[in-house]
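Engineer: One structure, as structure tokens, below. Some questions next.
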Amino acid sequence: MKDDRKNGKSGETLVEIMVSAFLFLILMAVMQGAISFCTNAQRKSEQIRAANAEICQNLHSALTAQDNGSSSFDFRAVSADGNVEGKQVFSVNVELKKKEASNGDGSKKVTFYLFDSALTGGGRP
């Protein structure tokens with residue numbers, strides 16, 4: 001058996017080590033960018049959920065205000081392409097109401113429109 005160490009043919013060359021280090025650094029940069037993107041998306045999602053939870057909580061305590069009286073919604077038969085094919089199938093009379101809610105600091109104000117059945121004498125507030 002010959003000993004290759006004496007001939008200087010064993011191990012890696014400096015070029016091979018530098019190429020592998022360069023590829024490793026590129027992969028680490030890509031991974032760091034992906035982790036940073038995911039962290040920012042999660043933080044934004046938590047902020048949106050907190051603001052929505054606060055608005056929903058304030059919505060339950062908001063007073064219902066009369067908006068535009070009553071209206072009637074007519075339902076008609078339509079084809080698959082959206083063309084009206086026939087007369088009115090049925091109609092629903094509703095009272096139009098609205099509620100307004102905002103988050104704690106008042107920076108976001110949301111209006112919710114409610115459609116209570118006028119036939120049953122009202123619905124949930």
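Engineer: Find the residue count for the stretch 80-105, including only residues that are surrounded by fewer than 14 Cβ atoms within 10 Å (Cβ to Cβ), more than 30 Å from Q47 (Cα to Cα) and of a type outside the set (K, R).
Structural biologist: Of the residues in the stretch 80-105, 13 are surrounded by fewer than 14 Cβ atoms within 10 Å (Cβ to Cβ), more than 30 Å from Q47 (Cα to Cα) and of a type outside the set (K, R).
Engineer: What are the residues in the stretch 42-70 that are assigned to a strand (DSSP E or B) and either farther than 24 Å from L114 by Cβ or in contact (Cβ under 8 Å) with a residue 40 or more places away in the chain (or both), if any? Break it down into steps so the answer makes sense when it comes.
Structural biologist: Keep residues of the stretch 42-70 that are assigned to a strand (DSSP E or B), which gives 65-70.
Result: D67, S70.
Engineer: Just name the residue that is modelled with the lowest pLDDT out of those in the stretch 57-91 that are of a type in the set (A, V, I, L, M, F, W, C) and under 32 Å from the mean Cα position of the chain (by Cα).
Structural biologist: Residues of the stretch 57-91 of a type in the set (A, V, I, L, M, F, W, C): 59, 62-63, 65, 73, 75, 77-78, 80, 84, 89-90.
From what's left, under 32 Å from the mean Cα position of the chain (by Cα): 59, 62-63, 65, 73, 75, 78, 80.
Values: L59: 79, A62: 74, L63: 73, A65: 67, F73: 78, F75: 83, V78: 82, A80: 81.
Taking the candidates together, the pick is A65.
The values are calculated or read from the model by the stated rules, or taken from the named source; none is laboratory data. Treat the numbers as computed from the prediction; the structure is a model and nothing was measured. Cβ coordinates were reconstructed from backbone atoms using ideal geometry, including for glycine residues, and neighbour counts include every protein chain displayed.
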